[in-house]
Amino acid sequence: MASPSSSDHLFSHAIDYMHHLDGIIGKLTDAQYTHESQALPGSTIGKHVRHVLDHFSLLYANIARIAEPSDSQHPLGPVDYSHRERNPATESTVLGGQASIKQMISTSKLVRKQVIETPTFITIVDVMPRGAQASFLSTVDRELWFCIHHMVHHNAIIASLMFELGLDPPTEFAYAPSTIKLAHDHE
């Protein structure tokens with residue numbers, strides 16, 4: 001299991017990315033936030049914000065159960081990433097997106113304390129290619145890392161959607177930390 005400092009570090013990164021996303025979308029109009037992409041039909045910045053937060057929400061709902069009395073021999077979960085409760089308010093307006101981000105930041109801070117005190121295993125369920133459902137064991141830290149990495153991926157898509165609108169997102173917004181580090185190392 002990862003040390004508590006690893007969990008704390010992951011939560012710090014998640015919260016930082018959420019603050020950054022909040023600032024980015026705060027500069028958009030509702031029309032820009034909900035503009036349907038020509039390159040990715042059906043895709044909007046708002047839908048990507050909602051999608052990212054859905055994953056954190058699913059994970060956090062299961063982590064919150066750590067505080068409940070349970071048999072520590074059994075993993076938490078299952079977290080089923082294919083069954084997300086979509087919040088239309090998050091994707092419909094900039095203010096709705098920002099409110100959801102702020103709520104997720106607050107939830108991150110609450111859940112962070114539980115994870116740091118009780119690192120644990122979690123069962124993950126997802127749909128694989130051809131529709132098969134798979135279940136596997138993971139750790140809370142590993143799944144938090146996945147949610148952060150997933151967010152970075154969607155930030156890149158959001159940046160592309162912003163370019164499509166003629167906007168100029170911050171350069172580092174769309175890159176993984178390892179890519180940014182590599183670029184700085186070569187300067």
Determine whether segment 66-78 contains at least one residue that is within 17 Å of the chain's Cα centre (by Cα), modelled with pLDDT under 95 and more than 15 Å from Met18 (Cβ to Cβ). no
Sole miss for Leu53 among (1) at pLDDT 85 or above; (2) buried (at least 16 other Cβ atoms within 10 Å of the Cβ); (3) aliphatic (A, V, I, L, M); (4) out of contact with any Ser or Thr (no Cβ under 7 Å at 6 or more places or on another chain) is condition (4)
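Would you mention how many residues in segment 76-91 are open to solvent by less than 60 Å² (accessible area, probe 1.4 Å) and either free of Cβ contacts under 8 Å to residues at least 60 places away in the same chain or farther than 14 Å from Ala64 by Cβ (or both)? Show your work before the answer.
Start the filter on segment 76-91 by keeping residues that are open to solvent by less than 60 Å² (accessible area, probe 1.4 Å), which leaves 76-77, 79-82, 84, 89-91.
Still in the list and also either free of Cβ contacts under 8 Å to residues at least 60 places away in the same chain or farther than 14 Å from Ala64 by Cβ (or both): 77, 80-82, 84, 89-91.
The qualifying residues number 8.
Give the residue, chosen from Glu164, Glu172, Glu187, that is at pLDDT 90 or above and surrounded by fewer than 17 Cβ atoms within 10 Å (Cβ to Cβ). Give the derivation first.
Working: Glu172 fails: at pLDDT 90 or above; Glu187 fails: at pLDDT 90 or above.
Of Glu164, Glu172, Glu187, the one residue that is at pLDDT 90 or above and surrounded by fewer than 17 Cβ atoms within 10 Å (Cβ to Cβ) is Glu164.
Filtering segment 14-35 down to residues that are acidic (Asp, Glu) and either touching a helix residue (DSSP H, G or I) at 6+ places or on another chain (Cβ under 6 Å) or closer than 14 Å to Gly166 by Cα (or both), which residue is most open to solvent (accessible area, probe 1.4 Å)? Can you show your working first?
Residues of segment 14-35 acidic (Asp, Glu): 16, 22, 30.
Retained after the next criterion (residues that are either touching a helix residue (DSSP H, G or I) at 6+ places or on another chain (Cβ under 6 Å) or closer than 14 Å to Gly166 by Cα (or both)): 22, 30.
Details: Asp22: 24, Asp30: 75 Å².
Ranking the candidates gives Asp30 first.
Only residues that are of a type in the set (Ser, Thr, Tyr), within 25 Å of Tyr33 (Cα to Cα) and in contact (Cβ under 8 Å) with a residue 24 or more places away in the chain: list them for segment 136-179, please.
First pass over segment 136-179, keeping only residues of a type in the set (Ser, Thr, Tyr): 138-139, 160, 171, 175, 178-179.
Those still in the list that are within 25 Å of Tyr33 (Cα to Cα) too: 160, 171, 175.
Residue satisfying the conditions is Ser160 alone.
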So in segment 94-117, with the set limited to residues that are buried (at least 17 other Cβ atoms within 10 Å of the Cβ) and not hydrophobic (A, V, I, L, M, F, W, C), which one is farthest from Thr139 (Cα to Cα)? Gly96
Here is a check on your reading of the model: is Leu137 open to solvent by 50 Å² or more (accessible area, probe 1.4 Å) and either touching a Cys at 6+ places or on another chain (Cβ under 7 Å) or under 14 Å from Ile45 (Cα atoms) (or both)? no
Can you spot a residue in segment 93-115 that is of a type outside the set (Gly, Ala, Ser), at pLDDT 85 or above and either in contact with a strand residue (DSSP E or B) (Cβ under 6 Å, 6 or more places away or on another chain) or outside any helix (DSSP H, G or I) (or both)? yes
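The values are calculated or read from the model by the stated rules, or taken from the named source; none is laboratory data. Bear in mind that the values here come from a model prediction, so they are computed numbers and not experimental data. Every residue, glycine as well, gets a Cβ built from its backbone with ideal geometry; the counts of neighbours run over all protein chains shown. Accessible surface is based on the protein model in full, side chains and every heavy atom, while ligands, DNA and RNA are left aside. Shrake-Rupley method; radii C 1.70, N 1.55, O 1.52, S 1.80 Å.
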